[in-house]
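Asks: Pasting a structure here, questions to come.
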Number of protein chains: 2
Amino acid sequence: MFAGIELGGTKTVCAVGTCSTDLVARTEFPTGDPVATLREVAAFFRQHTFERVGVAAFGPVDLRASSKTYGHILKTPKEAWRGFDLAGSLRTALCTEIRIDTDVGCAALGEMTWGAARGLQTFLYVTIGTGIGGGAYVNGHPLHGLLHPEMGHLIIPRDPGDEFPGSCPSHVDCLEGLAAGHSMEKRWGAPPRTLPPDHAAWALETRYLATAIVNWLLTLSPECIILGGGIMERISFEALRARVLELLNDYCDAPPLVRPALGRDSGVLGAIALAAQSPL
Amino acid sequence: MFAGIELGGTKTVCAVGTCSTDLVARTEFPTGDPVATLREVAAFFRQHTFERVGVAAFGPVDLRASSKTYGHILKTPKEAWRGFDLAGSLRTALCTEIRIDTDVGCAALGEMTWGAARGLQTFLYVTIGTGIGGGAYVNGHPLHGLLHPEMGHLIIPRDPGDEFPGSCPSHVDCLEGLAAGHSMEKRWGAPPRTLPPDHAAWALETRYLATAIVNWLLTLSPECIILGGGIMERISFEALRARVLELLNDYCDAPPLVRPALGRDSGVLGAIALAAQSPL
């Protein structure tokens, strides 16, 4: 039995189980400050026994095994979490070994283990929700590199006539600033979930996402791109794929663009898969 | 003793040796059609003995070991080479085992084995010359994925006021279309090597390359980016790094940007390194 925690920017999900179809318990609650959140996490897991814990954390998070700040949250707009020793605090609170990756890195692993990327070696998982983030596996192993990818902040061309300044606090009109959920809300003055299917927002969103997808696929050459997150639930994959092919103009093949097979649980299930891997 | 071939779009380099500082022979000649080129390659290698051959090929080239067209050149503007069975023809001509990767994939391996990426696991080699291409190693292994990256064709924003339409036959104003050597020549009406150091061309080129570098580093999180090719010999790395940091705006760290330690021989030396790897 293994435990998984998905620590998201707005909510935290905890689960215990052996695989995607065998969860013995699952809970979720809003992410608060570190002390309150860890208290809730510990209270849930106190009721269960398990071998190890996997953590899917919002970033940026230090994943370098040799680093003195391994498992710490790095500079983030969420001030209470900045510099927080997430792995160390969970190890103490839960008295067990902790393994950690980004939320999107875990979601990728979950999809590789039980979902849409089974049998693949090199693929990309992207979430388009309040923010935009991506995690990749290359040759069957997680892509971390210097820290971990921050694919949401690509520099892409603005759509002709788009006058919205952009909403990214760091880059103004990067991909997140133009196309994340928080950007859509600012641009259209309403939460994306309230915009009707024929609203111009969705066609513009499709064009921005297609541009980002082309840049990701030219750089990473993935065998598949899994697109999750709340915004993607409103996007036509057919229209998105058509726009990607139009931009590629037959220069190279596009990989399949698919929805996560594990739905909204890719992250927490990936955390369980991370915990379940053979000892490192 | 191992043999390396770098089959470039304009020239072919052949060498025999054991490592970067021990080449017993090296030659180069213009790349012609397949028959003429293979005749020259075979004539050179007939004078030498070696165990295996590594090939650094212009792309797109099929690198999937299980594919029926493994080692074939795929659709390329060079019509005589389209569909050519490069690995098979070399195997027959040289009567030996052939290993193949892209020119930039081999250059990355050369730099990892003997050059600027020694000791690194995840890094990027980019060439900016007549065209633009990139090869990456992730966790110490080559990134191929669906085929191999085609990083030269990123979609990036135009510089404000840039009226040049772009020169990419497939995408018009992608990165290659705006910033490759062939694009610079069309834009300024003169070969880049003839443009003086204070020409506006170099500042514009620096801005376009910095944008591409930011997109690559956000997607791949490399520990280092090695920038080779003729155009890079004219670019100030200091100015390039300054612009990359300006674009990142302290959002995340930038990896070192460095010149290839093996100069113009990263590709052919990487081909030798590929040949020298333990049997697969």
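The values are calculated or read from the model by the stated rules, or taken from the named source; none is laboratory data. What you see is a predicted model; the values in this text were computed from it and never measured. Using ideal geometry, Cβ is built from the backbone for each residue, glycine included, and neighbour counts are taken over all protein chains shown. Calculation scope for accessible area: heavy atoms of the full protein, side chains included, ligands and nucleic acids excluded. Shrake-Rupley method; radii C 1.70, N 1.55, O 1.52, S 1.80 Å.
Asks: Based on what the data block shows, is B:Leu120 within 14 Å of chain A (Cβ to nearest Cβ) and either surrounded by 17 or more Cβ atoms within 10 Å (Cβ to Cβ) or charged (D, E, K, R) (or both)?
Replies: Spelling it out, B:Leu120 is indeed within 14 Å of chain A (Cβ to nearest Cβ) and either surrounded by 17 or more Cβ atoms within 10 Å (Cβ to Cβ) or charged (D, E, K, R) (or both).
Asks: Scanning for something without any contact (Cβ under 8 Å) to a residue 40 or more places away in the chain, farther than 14 Å from B:Gly267 by Cα and not hydrophobic (A, V, I, L, M, F, W, C), does the range B:102-122 turn up at least one residue?
Replies: Checked the range B:102-122: at least one residue is without any contact (Cβ under 8 Å) to a residue 40 or more places away in the chain, farther than 14 Å from B:Gly267 by Cα and not hydrophobic (A, V, I, L, M, F, W, C).
Asks: If B:Ala242 meets every condition in (1) more than 14 Å from chain A (Cβ to nearest Cβ); (2) surrounded by 16 or more Cβ atoms within 10 Å (Cβ to Cβ); (3) of a type in the set (A, V, I, L, M) apart from one, which number is that one?
Replies: (2)
Asks: All but one of (1) within 14 Å of chain B (Cβ to nearest Cβ); (2) open to solvent by 10 Å² or more (accessible area, probe 1.4 Å); (3) of a type in the set (Gly, Ala, Ser) hold for A:Ala210; state the number of the condition that does not hold.
Replies: Failing condition for A:Ala210: (2).
Asks: While we're here: Taking the range A:76-114, which residues are of a type outside the set (A, V, I, L, M, F, W, C), more than 16 Å from A:Gly59 (Cα to Cα), open to solvent by 10 Å² or more (accessible area, probe 1.4 Å) and within 18 Å of the chain's Cα centre (by Cα)?
Replies: The one that is of a type outside the set (A, V, I, L, M, F, W, C), more than 16 Å from A:Gly59 (Cα to Cα), open to solvent by 10 Å² or more (accessible area, probe 1.4 Å) and within 18 Å of the chain's Cα centre (by Cα): A:Thr113.
Asks: Further question on the same structure: Is it the case, given these coordinates, that A:Gly189 is open to solvent by 40 Å² or more (accessible area, probe 1.4 Å) and out of contact with any Pro (no Cβ under 7 Å at 6 or more places or on another chain)?
Replies: Values: open to solvent by 40 Å² or more (accessible area, probe 1.4 Å): yes; out of contact with any Pro (no Cβ under 7 Å at 6 or more places or on another chain): yes.
When the stated conditions are applied, A:Gly189 passes them.
Asks: Still on this structure, please answer the following. Residues that are acidic (Asp, Glu): which helices (runs of 4 or more DSSP H) entirely in the range B:129-232 hold 2 or more of them?
Replies: Passing ranges: none, list empty.
Asks: A further question follows. Considering only residues that are in contact with a helix residue (DSSP H, G or I) (Cβ under 8 Å, 6 or more places away or on another chain), closer than 20 Å to A:Ala276 by Cα, surrounded by fewer than 20 Cβ atoms within 10 Å (Cβ to Cβ) and of a type outside the set (S, T, N, Q), which ones fall in the range A:24-49?
Replies: Passing the criteria: A:Ala25, A:Arg26, A:Ala42.
Asks: A further question on this structure: Out of all the residues in the range B:157-175, which are more than 10 Å from chain A (Cβ to nearest Cβ) and under 14 Å from A:Leu247 (Cβ atoms)?
Replies: Within the range B:157-175, B:Gly166 is the sole residue that qualifies.
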